[in-house]
Amino acid sequence: QVQLVESGGDLVQPGGSLRLSCAASGSIFSINAMEWYRQAPGKQRELVAAITGGGSTNYADSVKGRFTISRDNAKNTVYLQMNSLKPDDTAVYYCNADVQTRRWGPWSVYWGQGTQVTVSS
């Protein structure tokens, strides 16, 4: 089985910064894309940022220029550096990873349990 654990969520003032981490562990042969989503109260879950196995990145328009996604393949970990945070960034942030658990095996997407980010003065 594969587990993803997010950390780094906190209460921060507008304009502040946070760095989220998401570490994958378990029966992992290879990881392809890794993504960060968020879900605010009463809203649908939305894609925030994505990074491929080769390091290509993609961002939601609302976070471009403020958030940076990166990964450490040796640690099976994806990060989300969030700067210039706004109250609208308040949400539970979830990571996922597209994982292959054995050579020539199928790819499956696994999710973490989420970490709360609150931006408020």
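Let's test the formula: R0 of 25 Å, r as the Cβ-Cβ distance of L47 and D72. What FRET efficiency results, to the nearest 0.05?
With R0 = 25 Å, the Cβ-Cβ based efficiency is 0.75.
Express as a percent, rounded to the nearest 5, the fraction of DSSP beta bridges in the chain (both residues included) that run antiparallel.
95
Dipole magnitude of the chain about its Cα centre, charges +1 at Lys/Arg Cβ and -1 at Asp/Glu Cβ only, in debye to the nearest 20?
That gives a dipole near 180 debye.
Which Cα, out of T90, A50, T77, lies furthest along the positive dipole direction of the stretch 31-121 (beta carbon charges, K/R +1, D/E -1)?
T77
What is the calculated FRET efficiency for F29 to S56, with r their C-beta to C-beta distance and R₀ = 25 Å, to the nearest 0.05?
After rounding, the FRET efficiency stands at 0.75.
Once you have the Cα-Cα distance between W107 and A40, take 0.36 nm times their residue separation minus that, and quote the gain in nm to one decimal.
21.3 nm
What percent do you get for the relative contact order of the stretch 21-118 when only Cα pairs under 8 Å and 6+ apart count?
RCO, the stretch 21-118: 32 percent.
Every number in this text was worked out from the coordinates using simple rules, so none of it is lab data. Just so it is clear, the model here is predicted, and its values are computed rather than measured. Positions of Cβ are backbone-derived with ideal geometry, glycine not excepted, and every protein chain shown enters the neighbour counts.
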